[in-house]
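K.L.:
Before we start, here is the structure in question, set down as C-alpha cells.
Where a number appears in this text, it was derived from the coordinates with a stated rule and is not lab data. Predicted model only: the values in this text are computed from it and were never measured. Cβ atoms come from the backbone with ideal geometry, glycine included; neighbour counts cover every protein chain shown.
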Amino acid sequence: MLNLRFVTMSRPSGIPGRLFGSLFFVFFLGMGVLFLVLTTKEVVKRGETLRWPIVPCTIVSSSVAAEKSSENPFRFAVNYQYQFRGRSYHSQRAELSETRSGNYRDVLRMVERYPEKAQAICYVNPAHPEEAILQRSSFWFALLLVVPIPFIVIGGLGIWAMWQPPTSSLTQPAFSRTVSPRTRSFSLALFFSIFLVAGLAAFAFLVIRPMMKIQQSRHWLQLPCTILSSEVRPHHGDNGTTYSVDIFYQYFANGKEYKANRYSFLTGSSSGYDGKAAVVARYRPGTKALCFVNPADPTEAVLVRRVTPEMWFGLLPTIFAVVGVCGLVYCVRQSRLGKNSSITAIPAGFMAGAQSPPTSDLGGPIELKARISPRMKLVGGLIVALFWNGIVSVFVVHLINGWKHGRGEWFSTIFMIPFVLIGLGLVGFVVYSLVGLFSPRVKLTVSSASALPGARIQFNWTLEGKVQRVSRLQIYFEGREEATYKRGTDTSTDKAVFATIPIVDIQENFRVGSGNAELQVPACAIHSFSSEHNKIIWSLFVKADVTHMPDVKDEFELFVLPQPLAPPMKV
C-alpha cells in the first residue's frame, strides 16, 4: 500500500530562536548603516571643496618628513602663503587629510610638484579663510557608498524574515504556478559575479601588476646605492601583527641625488618575521648595493626585481575567481534549461503537465548512472574545503603569530573556533569521501528507464570491489517532492518523501554480489516532474552496509510517465 505523507512548514522555532537570529542580522544592518553614515559624511566633506574659490599661492617650503613611529612614515610637509579678501594667510595642508605614504616616492613626487618658491593655486574655504588645500581629494571614494548596501539589505530583510510566517510551496499543489527562472538566475549570477570581480581584482593587484613591473624593469638602469637604514617594520591590526621589509637607500641618477625605500614590486605586509629579518640582515646601514632605476622617472627605483616568495600568495584570490566562474556557468546553464523547459503546470494526470523523458531512455535494457558519483562527492567536498580553509587559515595564522609574540587576542581566538571546527569537519568529509572511493561500487541495469504507472520494470544489480565486506544490501523505490522557496534573502529547498517501496533486503553476504528483481510502479503514482520551484523525482536507491569502510548509498533516477489522455468519445 502506497503511503502518502503531506508536509507543511512551521514558523521559526520559538521567540529565543528569532531573537538570536535577529541579533545576527542586526549586526549586519548596524555595520552597514554605520559604514554608510561615515562614508556619506566623507563624501559630503569632499564635495564641499568644489565650491571653494581658487586663489594663487606661493610655496614657502616643501619637503619629505620622516616619522618612523607612524604606519605610513613619510609625510608631505608643505607651507604656502596666499591672499584672500585683502588678508594674508599661511596653510600647511596639501589635502583635507594629511598626505602620507609608506612609499617615499609618493611623497617625493608631491615635493617635485610643489617645489619651494614655486607659484601654485590653492582652494580656500570662504567660511574659514585660514583653511585651504593645494588639491582636492579624489571622488572615486564615492564608489564606497555601494559597499554597505548589501549589508543593509541582508540585515533588514533578515530581521523582517525572522518575524514573518514562513511560506512553502509544499503546502500548495506542486503544479500550481508558472515557472519563471530569470529572477533566481539573475540573483545567483550577481552573487557569483562579486566573487569573480573580487578574485580577479586581487589577482591583478597581487600578481599581474608586479609581474608587469618586473618585465618593464628589465630595461631599467642598474646603479649603485647606499643603504641608509633597514628594519623589519611591524604592522599591528585587529587580526594580529604582520611585517614588511623597510630599507631606505640613496642613489644618484643624471647627476642628481634620489632616495627610495621600495624593496620589491609587491607592496604590503604579511605574516612571518624570520624571512624578512634575513632580508634586512643582507642590507645593513652603510653597506653598498645595486638598485634598478626607471630611466624615464628616476624617482622610481627597486632593490629586487625578481619574483619574491610573497607573490605566490597572490594566487589565493584565484579561488574566489574560480568559484565565481563556476557559479556563473551554472547560472547560464540553469537559465537556458529554464528557458527551454519552463512550462505552465496543470493538474496531474494530463500529458501536458509532464516533462518528456530522454528518447534514449524509452527502451531498455539500459545501465543507469548514479545521480552523484563518489568522485563528484570528493571533488565537490575538496573545492569547498579548500575555499573555506583557505580563507580561515589567513586569520588563524595572524592569531598564531600574535600569541607567539605575546599579543594574543582572546576574543578573536574564541570567535574563530567555530570556523576552524567547520573547516576540520570539511577536511574529515574529504577524507571520508576519499576512502569511499574504495568501497564496493554498484552496477544497475534496468529493462527500461521510464514506465507508466502500474508497469513492471526488471532490473539486475552487480557489486564490484570488496564485496566480502558487505553485510547487508537494500534496494527500494522512492518518490519525493522537492520544493524551492524563499524566506527573506535565503533560498531553501525542502524535500518530502511521499512514497517508499521496499524491493530487496538481503543480509547474507554470499547473495549480495549480484541478483535480479522486479519493480512494479504504483498504479496511482504521480508522474515525474521538474520545474523551477518544484520537482517530483522517482529513484531506485541501492544501500549497502560495508564493514570498516564508508557505506554505499547510490541513487538511480527513473522516469514515471504521465497517463495518456483518454481518447474523445464519439457522439
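K.L.:
Could you please report the charge total around Glu130, scoring K, R as +1 and D, E as -1 over all other residues with beta-carbon less than 13 angstrom from its beta-carbon? Could you put the intermediate results ahead of the total?
P.N.:
Values: positive: Arg85, Arg87, Arg93; negative: Glu131.
Neighbour charge sum, excluding Glu130 itself: +2.
K.L.:
Using the Cα centre of segment 53-134 as the reference point, and only Cβ charges (+1 on K/R, -1 on D/E), how large is the resulting charge dipole? Debye, rounded to the nearest 20.
P.N.:
Once rounded to the nearest 20, the dipole reads 160 debye.
K.L.:
Normalise the Debye intensity by I(0) for segment 196-247, one equal point scatterer per Cα, no solvent, then take log10 at q = 0.20 Å⁻¹ and round to two decimals.
P.N.:
With one equal scatterer per Cα and no solvent, log10 I(q)/I(0) is -0.99.
K.L.:
Also, I was wondering about something else. Cα convex hull of segment 221-304: how many Å³ per residue?
P.N.:
87
K.L.:
I need the peptides 541-547, 32-38 ranked by packing, meaning the mean over residues of other C-beta atoms within 10 angstrom, with the highest value on top.
P.N.:
541-547, 32-38
K.L.:
I've got another one for you. Can you tally the net charge around Asp106? Count Lys and Arg as +1, Asp and Glu as -1, for every other residue whose Cβ sits under 12 Å from the Cβ of Asp106. Could the numbers behind the result be given before it?
P.N.:
Working: positive: Arg75, Arg100, Arg105, Arg109, Arg113, Arg262; negative: Glu112, Glu300.
Here the count lands on +4.
K.L.:
Please give the Cα centre distance for segment 197-275 versus segment 426-444, rounded to the nearest Å.
P.N.:
With segment 197-275 and segment 426-444 each reduced to a Cα centre, they are spaced 47 Å.
K.L.:
Using Cα-Cα distances under 8 Å and only pairs 6 or more residues apart, what relative contact order does segment 53-134 have, in percent?
P.N.:
Reported relative contact order: 38 percent.
K.L.:
Then there's this: What is the percent of Cα-Cα separations in segment 53-134 that go past 21 Å?
P.N.:
28
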